[in-house]
Amino acid sequence: MYLTREEEKMYSGEYGPAVEKSMEILVALGDIYGADGMVEIVSAQIAGVSYKTIGDAGLEYLEELAKEGAQVVVPSTLNPAGVDLDQGPELGFPPEFTKKQLLIVEAYRKMGISTTCTCTPYLVGNVPLLGSHVAWSESSAVCYANSVLGARTNREGGPGALSAAICGRTPNYGYHLDQGRVPNLMVEVETPLKGADYGALGYLVGKNVGNGVPYFRLLDKTQIKPQVNQLKALGAALASSGAVALYHMENITPEYVEALKHVNALDKLTVTREDLNNTREKLSTSQKPDLVCLGCPHSSLEEIKEVANELEGKQLANQLWICTSISIKAAADRMGYTQTIENAGGHVVCDTCMVVAPIEDMGFKVIGVNSAKAANYVPSMCGLDVVFDEWENLIAIKKPDQK
Ligand SMILES: C[C@@](O)(CCOP(=O)(O)O)CC(=O)O
Ligand code: SF4
């Protein structure tokens, strides 16, 4: 692949071992995927943070890189870690795990990466503009960036995104190119969507389309326009059951007009109420959750507000975590939502989630989720059962005389 003179210098070690190593990774990726050269990026989002998923080998690699003086050159944010960085002991996170986790986050911090630890960076300031190139690795965030923001990123692995952040560029192929953004499946949805339907739809379509680009047409006349929360749930599920990095939605997402030019030639998938109900049923492996865990992807302030409103003056009979970023929690604290949720017996948990936290070692057995992505991953990544439903049905409220 073609490298500029500056990139050649990076590759040959003129800027030190961290840049050299990173450039080697980018060139290797570019060669594998047939990139013609590099493209400059405006931000990075780096996965591979939880000690649960990267282990000691990951920690050593990051500490070595930090010691070699690696520094990111574009605004970069981190994916969720395995613990709440501030409330670890109170929430019962295992101490040994927490110790290792803090070392991982510290290594990233030394490299200049914001330790915001969230999978919804687009809710807290990492918001690339239409047409801009980025290197993001959290699959749900990749789907959001490409589809809703119209930014351009491949589904980077953790090391690929980190290398891109250090070098300020990424190999130019796939979703960076116009031809990578053309739809290849028309999905006509005949039924109105609400709540957890968006996740169920994403799960169903992801299974069909694999690593393709679905184009959604919402046919029901009573359909309310999906907004940020619905689109993040849809994209997360699409990216977890398939390898989707981009979808278009008619009249909603920014590149649908361009995509529309291609739809007449496409295969069509029709989705009915029955299809969605069957998918919703299949995603549950149990009943009656002992921990309800919301916020996959991490909750917005609006989502926390809805739960707080429902819990006002009530007591929960099962445990509740609402996962979010430190930034959204700060706003929830100020608004009094956190206090209301805590008064009811629940927690607003930062920096982590039901998939990357070691919840299997924390005494929980059945996890209630309203996210199809979480329903898909909790059994495989935590070995626990899940109940997939609307959050209103998952939380149990104590009767006035109940202990
Ligand atoms: C499951 C996931 O959301 C979080 C765990 O990934 P990691 O530990 O950040 O590599 C990753 C993904 O879907 O890209
Ligand atoms: S599993 Fe869900 S909550 Fe956890 S990091 Fe991934 S998208 Fe976020």
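Readers should treat all values here as calculations from the given coordinates under stated rules, not as data from a laboratory. Quantities reported herein were computed from a predicted structural model and do not represent experimental measurements. Glycine also receives a Cβ, built like all others from the backbone with ideal geometry; neighbour counts cover every protein chain displayed.
Points to keep in mind about this one:
- Over 18 Å between alpha carbons, listed pairs K221/K373; K305/K329; K365/K398; K225/K282; K221/K282: K221/K373; K365/K398; K225/K282; K221/K282
- Looking at the chain, the DSSP beta bridges with both ends there are about 10 percent antiparallel.
- Each semi-axis of the equivalent ellipsoid for region 284-394 is √(5λ) with λ an eigenvalue of the Cα gyration tensor; in descending order they amount to 22, 15, 12 Å.
- In Hz, Karplus ³J(HN,Hα) per residue of region 373-379 (6.51, -1.76, 1.60; θ = phi - 60°; x = Gly, Pro): 5, 5, 4, 6, 8, 4, x
- One compactness figure for region 90-170 is 1.23, namely its Cα radius of gyration divided by 2.2 N^0.38 Å.
- Note on the chain: dipole from Cβ charges, positive end direction compared against G158, A200, N376; the farthest Cα belongs to A200.
- Couplings for region 329-335, taken from phi via the Karplus curve 6.51 cos²θ - 1.76 cosθ + 1.60 with θ = phi - 60°, read 5, 4, 5, 5, 4, 5, 7 Hz in order; Gly and Pro are left as x.
- For L185, distant residues with modelled amide H under 5 Å away: V213, Y215
- With Cα atoms as the point set, the radius of gyration and Dmax of region 222-342 evaluate to 18.2, 55 Å.
- Among R5, R169, a tally of other beta-carbon atoms within 10 Å of each Cβ gives an order, fewest to most, of R5, R169.
- Cut-off under 5 Å, modelled amide H: who pairs with V349 long-range: I322, C323, T324
- With eigenvalues of the C-alpha gyration tensor scaled by 5 and rooted, the chain, Å: 34, 29, 16
- Secondary-structure-derived ellipticity at 222 nm for the chain, considering helices only, amounts to -11500 deg cm²/dmol, per-run term -39500 (n - 2.57) for DSSP H runs with n ≥ 4.
- Sequence of T118, T77, T272 once ranked by neighbouring C-beta atoms within 10 Å, starting from the fewest: T272, T77, T118
- Number of Lys pairs (Cα under 16 Å; 8 or more positions apart or on different chains) in region 5-178: 6
- About the centre of its Cα atoms, the chain shows a dipole size close to 620 debye [charges on the beta carbon of Lys, Arg (+1) and Asp, Glu (-1) only; nearest 20 debye].
- Label point distance in nm, K225-N211, each placed 7 Å from Cα along Cα→Cβ: 3.4 nm
- Inverse mean reciprocal Cα-Cα distance (Kirkwood Rh) of region 5-178, Å: 16.2 Å
- Footprinting exposure proxy for H133, H298 (fewest neighbouring C-beta atoms within 10 Å first): H133, H298
- On the basis of the beta-carbon distance and an R0 of 51 Å, N343 and T270 show a calculated FRET efficiency of 0.65.
- Over region 182-281 - Rg/Rh using Cα atoms and the Kirkwood inverse-distance radius: 0.92
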